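Novice: First the structure, then my questions, so here it is.
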Amino acid sequence: MAGNGTPVNTGSANPLTLAVFGDAPYGASNADTAAFDATPAFVDGVNRDPEVSLVAHVGDLHSGSQKCTVAYDQSVADMWTAFKDPLIYTPGDNEWTDCQKNKELPGSDFGGNPLPNLAAVRSIFFPRTGYTLGGRPKQVLSQAQVGTGTDVAYAENVMWQQSQTLFVTLNIPGGSNNDADNWFGQSRTQAQTDEIAQRTQADLDWLSQAFAQASADGAGSVVILEQADMWDLDGKAPSHIADYKPFIDAIAANTMSFGKPVLLFNGDSHAYRSDNPLMPGAPCVVETGAPDASTKPCADDAYANQAANGGAYDVPNFHRIVVHGGTTFPAQPLEYTRLTDDPWAFNPPSSSSFGPFSWERVQP
């Protein structure tokens, strides 16, 4: 089957619209299937959006109170075959790193062991290296195709270029980068130590390669897609998110060197948010929690959360969007962020636009 486009299309300059979502479908327990049951209608709603031509999911296929099973992952993949457009997916913590935690462990496959659960995710959602999911598989460049050493294991890390933008995905799981919480609540194992080191290095290598590609091709912008909210304390001390600092440092340095707009999408913390956590005092809005997609000024300071770990940044050409995620359905309806990437646009920074990008929240 032929791919849709090429991984690096430097000649593409037409506007592109994506539907970005994550942390869905979500339930409070295995018995709570309301969001899962509503997903086919959500997929149909995205398909009916005449502007959307690409879909992206930024991780977490179920909640941290639901078990990890191959059957469940396959059921989500089966539903996603109904997307008519190409679908990009990057894994979240709930479908692999958290399978060993007490809330997920009972009934999880592979005894909750994160590594075989990640292998299962790869086999189901990345069956053809270098191609997306969805109704019209799109050709992308996978780290498994061009990486060296242990980097070749990361088929989920992909990049592609269109509309003068280099898009890149990174497997960065939420919570603490799998670092602050030992598997099964026991002593740190060599397997976990190796997993952290190898994936972190693979992500940093892939990020560096993406920016090098963007610079070499004269791309006008970069979009990063990953799961972790690397600035969210989630009620914990700043030290809990300290192991995200290597990624943040690399993103900040590469963005400054690139000198053009860089937009990052993540999920993990569930509440929609639009901000620049790489500049002190930058404007920020977050959703009110009401189903009307309204927003309000942010109460917490994402910049300060990582500054407590020694980070000092001043990167004006960066912006971050946290996509709305499921917690309770229908109180929190399924939603996507409609991102328009117009290489001919020069939007001033705001809560809903930045350089070639503009976006809005959509509840289909």
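Novice: Short version: ³J(HN,Hα) in whole Hz for each residue of region 331-344, in order, from phi by Karplus 6.51 cos²θ - 1.76 cosθ + 1.60 (θ = phi - 60°), x for Gly and Pro, what are they?
Specialist: After applying 6.51 cos²θ - 1.76 cosθ + 1.60, I find 4, 10, x, 4, 8, 10, 9, 8, 9, 9, 10, 10, x, 9 Hz.
Novice: Oh, and also: What does the charge count near LEU105 come to, summing +1 for each Lys or Arg and -1 for each Asp or Glu among other residues with Cβ under 10 Å from its Cβ? Kindly include the intermediate steps, with their values, before the conclusion.
Specialist: Numbers: positive: LYS67, LYS101, LYS103; negative: ASP98, GLU104.
Here the count lands on +1.
Novice: Next up: Rounded to whole Hz and in sequence order, give me ³J(HN,Hα) for region 189-205 from the Karplus expression 6.51 cos²θ - 1.76 cosθ + 1.60, θ = phi - 60°, writing x for Gly and Pro.
Specialist: Each residue's phi maps through the Karplus curve to give 9, 5, 4, 5, 4, 5, 4, 4, 5, 5, 5, 4, 5, 4, 4, 5, 4 Hz.
Novice: Here is a further query. Can you give the % of DSSP beta bridges in the chain that are antiparallel, to the nearest 5? Before the final figure, lay out the partial values.
Specialist: Numbers: 31 of 54 bridges.
So the antiparallel bridges amount to about 55 percent of the total.
Novice: Residues with amide H under 5 Å of GLY355's amide H, sequence separation 5 or more or different chain, H placed in the peptide plane at 1.01 Å from N; which?
Specialist: Here ASN347 satisfy the definition.
Novice: Cβ under 12 Å from THR255's Cβ, THR255 left aside: what net charge do those residues give with Lys, Arg +1 and Asp, Glu -1?
Specialist: Numbers: positive: LYS260, ARG320; negative: ASP249, ASP314.
Charge balance in the 12 Å sphere: 0.
Novice: Quantify, in whole percent, the carbon and sulfur part of the accessible surface of the chain (1.4 Å probe; protein heavy atoms only). Before the final figure, lay out the partial values.
Specialist: Details: 7220 of 13330 Å².
C and S atoms contribute 54 percent here.
Novice: At VAL146 and ALA290, where each label point lies 7 Å from the Cα along Cα→Cβ, what is the point-to-point distance in nanometres?
Specialist: 4.7
Novice: Using the Karplus equation 6.51 cos²θ - 1.76 cosθ + 1.60 (θ = phi - 60°), what ³J(HN,Hα) coupling, rounded to whole Hz, does each residue of region 71-84 give in order, writing x for Gly and Pro?
Specialist: 4, 5, 4, 5, 5, 5, 4, 5, 5, 5, 4, 7, 4, 7
Novice: Only sites in a loop by DSSP and with at most 15 other Cβ atoms within 10 Å count here; which chymotrypsin sites (Phe, Trp or Tyr not before Pro) in region 104-178 make the cut? Don't jump to the answer; show the numbers that get you there.
Specialist: On the way: sites: PHE110, PHE125, TYR131, TYR154, TRP160, PHE167; in loops: TYR154.
Answer in residue order: no site qualifies.
Novice: Tell me, what is the per residue accessible area of region 17-362 in Å², probe radius 1.4 Å? The partial results should precede the final answer.
Specialist: Numbers: 12230 Å² over 346 residues.
Computed with neighbouring chains in place, this is 35 Å² per residue.
Novice: Would you compute, from DSSP H runs of 4+ residues alone, the mean residue ellipticity of the chain at 222 nm, taking -39500 (n - 2.57) per run and dividing by the full residue count, rounded to the nearest 500? Provide the component values of the computation, followed by the final result.
Specialist: On the way: 7 runs with 90 residues, N = 364.
Value at 222 nm, helices only: -8000 deg cm²/dmol.
Novice: Give a quick list of chymotrypsin sites (Phe, Trp or Tyr not before Pro) in region 280-364 that DSSP marks as loop, anything other than H, G, I, E or B, with at most 13 other Cβ atoms within 10 Å. Numbers along the way, then the final one.
Specialist: Numbers: sites: TYR303, TYR313, PHE318, TYR336, TRP344, PHE346, PHE354, PHE357, TRP359; in loops: TYR313, TRP344, PHE346.
For chymotrypsin sites (Phe, Trp or Tyr not before Pro) across region 280-364 that sit outside H, G, I, E and B with at most 13 neighbouring Cβ atoms in 10 Å, the list reads TRP344, PHE346.
Novice: To the nearest 20 Debye, how big is the dipole of region 34-111 about its Cα centre, given +1 on the beta carbon of each Lys and Arg and -1 on that of each Asp and Glu? Present the calculation step by step, with values, prior to reporting the outcome.
Specialist: Numbers: 5 positive and 13 negative charges, 25 e Å.
The dipole magnitude comes to about 120 debye.
Novice: Follow-up question, since we're still on this one. Return the label of the correct value of Rg/Rh (Cα atoms, Kirkwood Rh), as calculated from the structure shown, out of (1) 0.93; (2) 0.96; (3) 0.98.
Specialist: (1)
Novice: Given R₀ = 41 Å, what would the calculated FRET efficiency be for ASP301 paired with ASP78, taking r from the Cβ atoms and rounding to 0.05?
Specialist: 0.45
Novice: When the chain is modelled as a GNM with alpha-carbon springs shorter than 10 Å, which of GLN209, GLN190, GLN162 fluctuates the most?
Specialist: Evaluated over the chain, the most mobile residue of the options is GLN190.
The values are calculated or read from the model by the stated rules, or taken from the named source; none is laboratory data. It should be emphasised that the depicted structure is a prediction, and the values quoted were computed from it without experimental measurement. Heads up, the Cβs are rebuilt from the backbone with ideal geometry, glycines too, and the neighbour counts pull from every protein chain shown. We work out accessible area using only protein heavy atoms, side chains counted, and drop any ligands, DNA or RNA first. Shrake-Rupley method; radii C 1.70, N 1.55, O 1.52, S 1.80 Å.
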